[in-house]
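The values are calculated or read from the model by the stated rules, or taken from the named source; none is laboratory data. None of these values were measured; they are calculated from a predicted model. Cβ placement follows ideal geometry from the backbone for every residue including glycine, while neighbour counts extend to all protein chains displayed. When the accessible area is computed, the model is the full protein with side chains, heavy atoms only, and any ligands, DNA or RNA have been set aside. Shrake-Rupley method; radii C 1.70, N 1.55, O 1.52, S 1.80 Å.
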Amino acid sequence: MKALIVGEYRNGETLECTYELIAFAKKLGAETAMFMVGGQDDPPKYDGKLYMADSAKYGEVNPDVHTKLLLDVAHQENPDYVILSHSSYGWDLAPRISFDLKAGQVSEVVDIDDGSFVLPAFNGKLHRKVTSKTGITVVTVQSGSLNMTEQPSGTPEMTLVGGEDIETGMEFTGYEEVESAGADLTKADVIVSAGRGIGKQDNISVIQELADAIGGELAATRPVVDAGWTDHSRQVGTSGQTVSPKLYVACGISGAIQHLAGMKKSEFIVAINTDIDAPIGEVADVFVVADIKQFAPALSAKLKRA
Amino acid sequence: MEILVCVKQVPDMESKFNIDTSGTWYDETDLAYRMNEYDEFAVEQAVLVKEKLRGDTSVADTSVTVLSIGPERVKDVIKKALSMGCDRGVHIKDEQYQARDPMENASIIASFAKDKGFDLIFTGLQSQDRGSAQTGIIVARVLEMRCVTTVVGFELENDVITAKRELDGGLKAGFRTRTPAVITCQMGLNKPRYPTLPNIIKAKKKELTTIEADTMATAERMVETDALFHPEKKGAGLVLEGEINDQADKLISILREKTGVIK
Ligand SMILES: Cc1cc2nc3c(=O)[nH]c(=O)nc-3n(C[C@H](O)[C@H](O)[C@H](O)COP(=O)(O)OP(=O)(O)OC[C@H]3O[C@@H](n4cnc5c(N)ncnc54)[C@H](O)[C@@H]3O)c2cc1C
């Protein structure tokens, strides 16, 4: 069995998820080769064959160009699996190549079960087990779902690919960094975080009051930030900040994978939610089944009295 | 300009899900359904483009078609999109919706769209039920259109698209491309409007056509669902139920005991 791993490179560095993919391929029991559009002077730590295209020439994120380069290598290697990370880079590239390879694609894999793949469904409330029926299967792997035990090591046997110009109908015009001004949640000991379950913007004050009563910082989920109920600097998750306070209080937060990735390393997690099946329960030390609009004021009052 | 928006109907994610006897789907009895959250941004963006081009005499009339695949009930989300400002609806009636994989759905959309000359196709980044994030991209591949995914910023000037694609950790990448293109929409792209009562009434008079999925060219199924199940609750914590004041008292004593943050 053979797997072609697609490494990731951004702002001049190999991304950590590349190493998770190596571990994933190992768990599948596959021999591996790797493809990457990156920097040849600074290849990933990897013992195996690496097909390297130059990101200085082809750009780090141009989908048309990367599709063409990757397809050429896939045709040459003829793998059983092409493995990408379920990242913005991977979920963009994977369907483009699976279409051409006539490959079934399984997305956001969190586990392998006897030749089948386990994927989250319904915002993480359920799981789905699927089997691909095609000769080649394209897989995107959810970051953080595997316990990485080994430190990355090794020196690849590098083959440079590409060289010719590749036509693209898409022009990359540059990166835009997040504004870093605002709250720095990474230093807070206590974070009280508001999700869409708080109902409306006015209720932010109820959550802020609870944060004040415990002596913590206010944070929020993405929909709360997108709706303009609080600022982006308070967003926790894959497209916000990653935090690990002593106490994280999740108020009306479902616990989507992208939110969990930003807070599951907190030392102690309290969830307050009306839905006992909400996936936040998977990481919560205490799960309070209650309406946050009633529970938060009651808790604040008691803490202030204490 | 011709615009297509693809929307999916999904169950309310706060529902209690029970797995049905097939073991690969859930019991649909009494569930509430909604428009897939990501698709609301797609509908809004299509309507924004139409509103911007209205009055621009250099372009022919802009028309927005909204399409959804699924059983009879998915007409509700088509009607919602019509009341948000789409012009006509297409319901692709499909009784195999529980088993379809993204390649099949994309092939159905593409076989509808192929001879209609759409300049822009908007879809959600992914659906909340399956979350594959594949369908829009495959539609673009089949129709040989350009495709920008995970879009959080969109401008159109003549046929030039300036789009912001979200990468990880909040980093964004700017792209310039041209129509015809498929755009997959991420949360926060815009602020989806709520349909007003007059617009809901107006929407009732808009055209809504039904096509049977069986009559359309469809790709072969490549990925099969073996099982749908509740994940095992790993390190499941303590659950506090009951009266609010009791819950609060218990929580405070646990926090005192287990964390150093409350005196
Ligand atoms: C590429 C990408 C990046 C993302 N990045 C992030 C990110 O950085 N951060 C992030 O948070 N999300 C992110 N998301 C979005 C994420 O997938 C979820 O949509 C989001 O986290 C859900 O936010 P929520 O829990 O507030 O809302 P919902 O999922 O709507 O959950 C609301 C919860 O409140 C509960 N509730 C309802 N009423 C009450 C009540 N009265 N009392 C108590 N509980 C109640 C419900 O049971 C439910 O569990 C990202 C998504 C994508 C695709």
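For the reader, a short list of remarks on this structure follows.
- Of the GluC sites (Glu not before Pro) in segment B:67-119, the ones in a loop by DSSP (not H, G, I, E or B) with at most 14 other beta carbons within 10 Å are B:GLU95.
- Computed 3J(HN,Hα) for segment B:14-30, one whole-Hz value per residue from the Karplus formula 6.51 cos²θ - 1.76 cosθ + 1.60 where θ = phi - 60°, is 8, 5, 8, 9, 10, 6, 7, 5, 5, x, 10, 9, 10, 6, 7, 4, 6, glycine and proline marked x.
- Per-residue mean of C-beta atoms belonging to partner chains within 10 Å, peptide B:244-253: 5
- Only Cα pairs under 8 Å and 6+ residues apart enter the sum, and on that basis the relative contact order of chain A stands at 14 percent.
- Peptide B:255-262 is shielded by partner chain Cβ atoms: per residue, an average of 6 of them sit within 10 Å of its Cβ.
- Charge tally in the Cβ shell below 10 Å around B:GLN98, where Lys, Arg are +1 and Asp, Glu are -1, B:GLN98 excluded: -3
- When both bridge partners sit in the protein assembly as shown, DSSP labels roughly 35% of those beta bridges antiparallel.
- The distance linking segment A:254-299 with segment A:166-201 is 21 Å (Cα centroid to Cα centroid, whole angstrom).
- If you take the Cα centroid of segment B:150-215 and the Cα centroid of segment B:2-42, the two points sit 19 Å apart.
- Long-range HN-HN contacts of A:GLU8 with modeled amide H, under 5 Å: A:LEU15, A:THR18
- Loop-resident sites, segment B:154-226, for GluC sites (Glu not before Pro), counting at most 15 other Cβ within 10 Å (DSSP): B:GLU207, B:GLU220
- Under 5 Å from the amide H of B:VAL182 lie the amide H atoms of B:ILE121, B:ARG146, B:CYS147, B:VAL148, each residue being 5 or more positions distant or on a separate chain, with H modelled from the backbone and absent for Pro and chain starts.
- Taking amide H atoms as placed 1.01 Å from N in the peptide plane, the amide H of A:ALA53 lies under 5 Å from those of A:MET36, A:VAL37, A:GLY38, A:VAL161, each 5 or more residues away in sequence or on another chain.
- Cα gyration tensor category, rounded, prolate or oblate, for segment A:1-40 with a/c compared to 1.5: oblate
- Among B:ILE138, B:ILE244, B:ILE78, residue whose mean-square fluctuation peaks in a GNM of chain B (springs only between Cα atoms under 10 Å): B:ILE244
- Placing a pseudo-label 7 Å from each Cα along the Cα-to-Cβ vector at B:ASP214 and A:ASP114 gives an inter-label distance of 3.6 nm.
- Estimated translational D of the protein assembly as shown in µm²/s (Stokes, Kirkwood radius over Cα pairs; 4 °C; 1.567 mPa s): 52 µm²/s
- Over chain A: helical MRE at 222 nm, DSSP H runs n ≥ 4 each giving -39500 (n - 2.57), nearest 500: -8000 deg cm²/dmol
- Taking the charge dipole of the protein assembly as shown about its Cα centre, with +1 at Lys and Arg Cβ atoms and -1 at Asp and Glu Cβ atoms, the residue from B:SER83, A:THR134, B:VAL47 reaching farthest to the positive side is B:SER83.
- Accessible surface, 1.4 Å probe, highest first, among residues A:MET36, B:MET222: B:MET222, A:MET36
- Net charge over other residues, Cβ less than 14 angstrom from the Cβ of A:ILE112 (K, R count +1; D, E count -1): -3
- Longest exposed-site-free window of chain A, the sites being GluC sites (Glu not before Pro) in a DSSP loop that have at most 10 other C-beta atoms within 10 Å: A:1-149
- Summing charges over all other residues whose Cβ lies under 12 Å from the Cβ of A:PRO95, with Lys and Arg as +1 and Asp and Glu as -1, gives -1.
- Using θ = phi - 60° in the Karplus curve 6.51 cos²θ - 1.76 cosθ + 1.60, the 3J(HN,Hα) couplings for segment B:37-50 round to 3, 5, 5, 4, 5, 5, 4, 4, 5, 4, 5, 4, 4, 4 Hz; x is entered for Gly and Pro.
- Under a Gaussian network description of chain B, with springs only between Cα atoms under 10 Å, the residue in B:ASP94, B:ASP56, B:ASP249 that fluctuates furthest is B:ASP249.
- With every protein chain in place, chain B: carbon and sulfur % of accessible area (1.4 Å): 49 percent
- Protein accessible surface hidden between A and B, which excludes ligands and nucleic acids, total in Å², probe 1.4 Å: 7200 Å²
- Zone of B:GLU144's modelled label, taken as backbone nitrogen in segment A:80-98 under 16 Å from a point 7 Å along Cα→Cβ: none
- Prolate/oblate/rounded call for segment A:185-305, Cα gyration tensor, a/c under 1.5 rounded: rounded
- To put it simply, the accessible area of segment A:185-305 at a 1.4 Å probe is 47 percent carbon and sulfur.
- The sum of -39500 (n - 2.57) across all DSSP H runs of n ≥ 4, divided by the residue count of chain B, sets its helix-only mean residue ellipticity at 222 nm to -8000 deg cm²/dmol.
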